[in-house]
1. Would you kindly calculate the translational diffusion coefficient of the stretch 1-87, applying Stokes-Einstein with the Kirkwood radius from alpha carbon pairs, for 20 °C and a viscosity of 1.002 mPa s, and quote it in µm² s⁻¹ without decimals?
2. Quick one: order Lys81, Lys119, Lys140 from most to least accessible surface, probe 1.4 Å.
3. What accessible area per residue, rounded to a whole number of Å², is obtained for the chain using a probe radius of 1.4 Å?
4. Based on the alpha-carbon gyration tensor of the chain, what equivalent-ellipsoid semi-axes (square roots of 5 times the eigenvalues) come out, in whole Å, largest first?
5. Given a cut-off of under 8 Å on Cα pairs at least six residues apart, what relative contact order in percent is computed for the stretch 46-91?
6. So how strong a dipole does the chain carry about its Cα centre when Lys and Arg Cβ are +1 and Asp and Glu Cβ are -1, to the nearest 20 debye?
7. Would you mind estimating how fast the stretch 1-51 diffuses translationally, via Stokes-Einstein at 20 °C and 1.002 mPa s with the Kirkwood radius over Cα pairs, in µm²/s?
8. When the chain is treated as a GNM, springs tying every alpha-carbon pair under 10 Å, which of Asp39, Asp11, Asp125 comes out with the largest mean-square fluctuation?
Amino acid sequence: HHVAVHVHNLDRMIQFYRDAFGFELVGEPFGWDGNDFIDRIVDVPDSAARGAMLRCGTCYLEMFEYSRPAGETRARNATDKGYTHFCVDVTEIEQEYERLKALGMTFGQPGPIDVGHVKTIYGRDPENNLIEIQQTIAGKCDFPLANLDREPTRR
């Protein structure tokens, strides 16, 4: 249903994901402070945060800006355990690479890499979260974006 990310600046990151990938705010931003009910849901005693749900196509992205308690701020790498990145499928990856750089994404490679069935590159948003940008190659890729509109094959 969604991927969630804890950000340092909710307003800045909502704007970045709107401009970079076309995410739209779903409903109104929300928040809590000292709410025992929500503390039980997130399993964090005495928490305080602001949040928002965004949507782009068939993907929801939930963002939280916790003000309490303080969390770890180390950027995750692709080899870390747990959630490490999410991927955005694009149609003109070289143009998107340049556009995203202008919006503040950073990349460790000078351009997308052609793998055969996809062109891909990993980069980081303005808060150092890892994002993969990919373009699937028609007729060579088993998981093109167009397949998300269809019912999944049951096994």
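The values are calculated or read from the model by the stated rules, or taken from the named source; none is laboratory data. This one's a predicted model, so the numbers in the text were calculated from it and none came from an experiment. Cβ placement follows ideal geometry from the backbone for every residue including glycine, while neighbour counts extend to all protein chains displayed. What goes into the accessible areas is simple: the full protein's heavy atoms, side chains included, and nothing from ligands, DNA or RNA. Shrake-Rupley method; radii C 1.70, N 1.55, O 1.52, S 1.80 Å.
1. Once the numbers are plugged in, D ends up at 153 µm²/s.
2. Numbers: Lys81 175, Lys119 50, Lys140 135 Å².
Ranked list, largest accessible area first: Lys81, Lys140, Lys119.
3. The answer is 65 Å² per residue.
4. 30, 19, 15
5. Working: 38 pairs, mean separation 13.6, N = 46.
Relative contact order comes out at 30 percent.
6. Charge dipole of the chain: 380 debye, to the nearest 20.
7. For these conditions, the coefficient is 172 µm²/s.
8. Asp39
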